[in-house]
1. If the chain between residue 66 and residue 81 were fully stretched, how many nm would it gain, using 0.36 nm times the residue separation less the Cα-Cα distance?
2. Report, in degrees rounded to the nearest 10, the 0 to 90 angle that the Cα long axis of helix 15-28 makes with the longest principal axis of the chain.
3. Give the relative contact order (percent, whole number) for the chain; include only Cα pairs under 8 Å separated by 6+ residues.
4. Cα centroid distance between the range 11-27 and the range 66-84, in Å?
5. With each label point set 7 Å from Cα along the Cα-Cβ vector, what nm distance links residue 89 and residue 28?
6. How much length would be gained if the chain were fully extended between residue 51 and residue 73, taking 0.36 nm per residue of separation minus their Cα-Cα distance, in nm to one decimal?
7. In terms of the Cα gyration tensor, with a ≥ b ≥ c the square roots of its eigenvalues, is the range 13-53 rounded because a/c is under 1.5, prolate because a/b exceeds b/c, or oblate?
8. Counting C-alpha atoms alone, how compact is the range 15-97: give Rg to one decimal and Dmax as a whole number, in angstrom.
């Protein structure tokens, strides 16, 4: 079974297209765009920046006046899904804390 790849390769990662999809996903989650970042209630929670063939992302740990950042590097569609899932988890946690 380890040779069951059926001759299919995943499509090449397009960082520019992925950045657009991530920005759309952030707006879909009711985050406001401001520059290269996205805000929730006036506090920046996500920053996305294209860096060559990857996307550098910063995500706050918790909503605070002085945020602590977690860094992510998006180099594939799987990384993109993981980042979106993490944003969803944190947004849910922050709304539950209120």
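We did not get these values from a lab; they are worked out from the coordinates using the rules stated. Note that the structure is predicted; figures quoted are calculated from it, not measured. Cβ coordinates were reconstructed from backbone atoms using ideal geometry, including for glycine residues, and neighbour counts include every protein chain displayed.
1. Computed gain between residue 66 and residue 81 is 2.7 nm.
2. 40 degrees
3. 20 percent
4. 12 Å
5. 1.9 nm
6. Separation in residues times 0.36 nm, less the Cα-Cα distance, equals 7.0 nm.
7. oblate
8. That works out to 11.9, 37 Å for Rg and Dmax.
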